[in-house]
Amino acid sequence: MRQIGLEIQSWPLLKLLVKTGHTWTHGAVLLVNLTESGNTGRGEASDVDCLGEPDESMYQQVLGLQKQQE
């Protein structure tokens, strides 16, 4: 059986990101663990704040993929 673990973390940026009057010191990172048949794969994805989407949207998109696989 396939298991998917999801977590959103805030990671510090190595350099400040300044864009249109806003300054970011941290970035949202989605951590994914996929386990099946005793094997586990791990990955992370960072958002790009160009469309104004909330960090939660990455999480919800992966949950949608998980439901399609069930």
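Within region 15-45, the residues that satisfy the criterion of being within 15 Å of the chain's Cα centre (by Cα), closer than 29 Å to M1 by Cβ and either open to solvent by 70 Å² or more (accessible area, probe 1.4 Å) or acidic (D, E) (or both) are L34, R42, E44.
Note on region 1-12: residues that are open to solvent by 70 Å² or more (accessible area, probe 1.4 Å) and in contact with a strand residue (DSSP E or B) (Cβ under 6 Å, 6 or more places away or on another chain) amount to 6.
The values are calculated or read from the model by the stated rules, or taken from the named source; none is laboratory data. Only a predicted model underlies this, so the values are computations on that prediction, with no experimental measurement involved. A quick note on method: Cβ atoms are made from the backbone with ideal geometry, for glycine too, and the neighbour counts reach across all protein chains shown. Surface accessibility is based on the protein's heavy atoms, side chains included, excluding ligands, DNA and RNA. Shrake-Rupley method; radii C 1.70, N 1.55, O 1.52, S 1.80 Å.
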